[in-house]
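Right, one structure below, let's go through it.
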Amino acid sequence: MNYNSLDKLEEIQQNEFIKAAIDHVGAGVVISDPEQEDNPIIYVNKGFVDLSGYEADEILGYNCRFLQGEDTEEDSLEKIREALANSKSVQVELLNYRKDGTPFWNELQIFPVYIENMDQNFFVGVQKDITKRKDAENLVGHYSSEVRRLSTPIVPIEENISVLPLIGTVDEDRLQQILDVVSHHVQESKEDYLILDLSAVHTFNKDLHIGIYQLNQLLDLMGTTLVLTGVKPNFALQSAPYVNLGELSLKSYISVKQALQEIR
Ligand SMILES: Cc1cc2nc3c(=O)[nH]c(=O)nc-3n(C[C@H](O)[C@H](O)[C@H](O)COP(=O)(O)O)c2cc1C
């Protein structure tokens, strides 16, 4: 064996080694050739075959758009088109479909690679199935909006009176949620009184004090009187640096029961 064929053997062994490694990276890997008509795939690894459900001969020679379907986001495709047109890298999360039609979330990275001895650009695509993460994110999003909705329960107790029992801690986000829900509710119901019951609130932080002030202003504008109940004795003292409660038009009572007796 001369020097050249030894070299060749080493190259083949090295290629086999790299091929085996790429086959087992746990992600799809494809290479496309943008100099051929419609940028077809010229290399596909085992990860992509497993992920997509297509055989290699159904993939090689085709543009990768065969993974797309009805709900694939146009925004992501536009990002890809722009990156490819400018020979730039891009990363998107998009909905793709396997051969059997089942959808999956694909975290797709595409980057250009210049091969010097061929004097040519190729694109490498790496596909990761992130369906589990996306499903978990959607579930968390669903539950947090449910928790937010349940954390502002406005209970109409008489024709012109509603009670909003506050529970837990009020921070900036929650405050905005309360203001939104209350203004929507009062606009619809046009009630005379809204009782904000603070019996179950144990932390009187700055956001809560400012929230009560803003709520009072908002309800004033809408012709509804804000009534505070369950106010702890130290509440007014703690408010002092933020709001002067004495200046507000709101009424304050020890309990909802007492407030109702007074209002009626
Ligand atoms: C290397 C490479 C890998 C790609 N992989 C995917 C993929 O996994 N899923 C997908 O929906 N599109 C993929 N694309 C994008 C499509 O091939 C195509 O570029 C995209 O649909 C926008 O072009 P079009 O408007 O001509 O369809 C890939 C593109 C390249 C270059």
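Taken together, the values in this text are just the output of simple stated rules run on the coordinates, not laboratory data. Note that the structure is predicted; figures quoted are calculated from it, not measured. In this analysis, Cβ positions are derived from the backbone assuming ideal geometry, glycine residues included, and neighbour counts consider all displayed protein chains.
Taking the Cα centre of the chain as origin, work out the dipole magnitude from +1 charges on Lys and Arg Cβ and -1 charges on Asp and Glu Cβ, in debye rounded to 20.
1440
Specify which residue in the list Leu218, Ile254, Leu208 is farthest towards the positive end of the charge dipole of the range 151-263, using unit charges on the beta carbon of Lys, Arg (+1) and Asp, Glu (-1), about the Cα centre.
Value: Ile254.
When DSSP beta bridges are limited to those with both residues in the range 141-233, what percentage is antiparallel, rounded to the nearest 5?
Antiparallel bridges make up about 20 percent of those DSSP assigns within the range 141-233.
Can you give me the distance in nm between label points at Ile254 and Ser87, each placed 7 Å from the Cα along the Cα-to-Cβ direction?
8.2
Taking the Cα atoms of the range 157-199, what is the range of coordinates along each of the three principal axes, in descending order and whole Å?
Principal-axis extents of the range 157-199 (Cα, largest first): 30, 22, 10 Å.
Counting only helical runs of four or more DSSP H residues, what would the 222 nm mean residue ellipticity of the chain come to if each run contributes -39,500 (n - 2.57) and the total is spread over all its residues?
Helices in the chain give a 222 nm mean residue ellipticity of -13500 deg cm²/dmol.
Determine which lysines satisfy two conditions relative to Lys190: a Cα distance under 23 Å, and not lying fewer than 8 residues away in the same chain.
Candidates past the 8-residue exclusion: Lys251, Lys257.
If you put +1 on each Lys and Arg Cβ and -1 on each Asp and Glu Cβ, how big is the dipole of the range 44-173 around its Cα centre, in Debye rounded to 20?
Dipole about the Cα centre, nearest 20: 360 debye.
Which percentage, to the nearest 5, of the DSSP beta bridges contained in the range 44-166 is antiparallel? Could you put the intermediate results ahead of the total?
Numbers: 21 of 21 bridges.
Expressed as a percentage, antiparallel bridges in the range 44-166 total about 100.
Can you give the convex hull volume of the alpha carbon atoms of the chain per residue, in Å³?
226
Just for the chain, what percent of DSSP beta bridges are antiparallel, to the closest 5? Please list the in-between numbers first.
On the way: 29 of 43 bridges.
Percentage antiparallel, nearest 5: 65.
Which length gain, in nm to one decimal place, applies between Gln14 and Asn138 when the Cα-Cα distance is subtracted from 0.36 nm times their residue separation?
Residue separation times 0.36 nm, minus the Cα-Cα distance, leaves 40.3 nm.
With every atom except the alpha carbons ignored, what do you get for Rg and Dmax of the range 3-136, in angstroms?
16.1, 57
Quick one: putting +1 on the C-beta of Lys and Arg, -1 on the C-beta of Asp and Glu, what dipole do you get for the range 117-243 around its Cα centre, in Debye to the nearest 20? Write down the numbers at each step before the final one.
Numbers: 10 positive and 17 negative charges, 85 e Å.
Charge dipole of the range 117-243: 400 debye, to the nearest 20.
From the P(r) of the range 101-196, can you give the percent of Cα pairs sitting at distances over 22 Å?
Value for the range 101-196: 58 percent of Cα pairs lie more than 22 Å apart.
By a straight-distance test (C-alpha under 25 Å), which lysines pair with Lys132 as possible cross-link partners, with residues fewer than eight away in the same chain excluded?
Lys46, Lys79, Lys99
To check my understanding: the extent here is largest minus smallest coordinate of the Cα atoms along each principal axis. What are those three numbers for the range 70-128, in Å, largest first?
41, 22, 15
Taking the square root of 5 times each eigenvalue of the Cα gyration tensor, what semi-axes in Å does the equivalent ellipsoid of the range 151-263 have, largest first?
Listed largest to smallest, the semi-axes of the range 151-263 are 20, 16, 14 Å.
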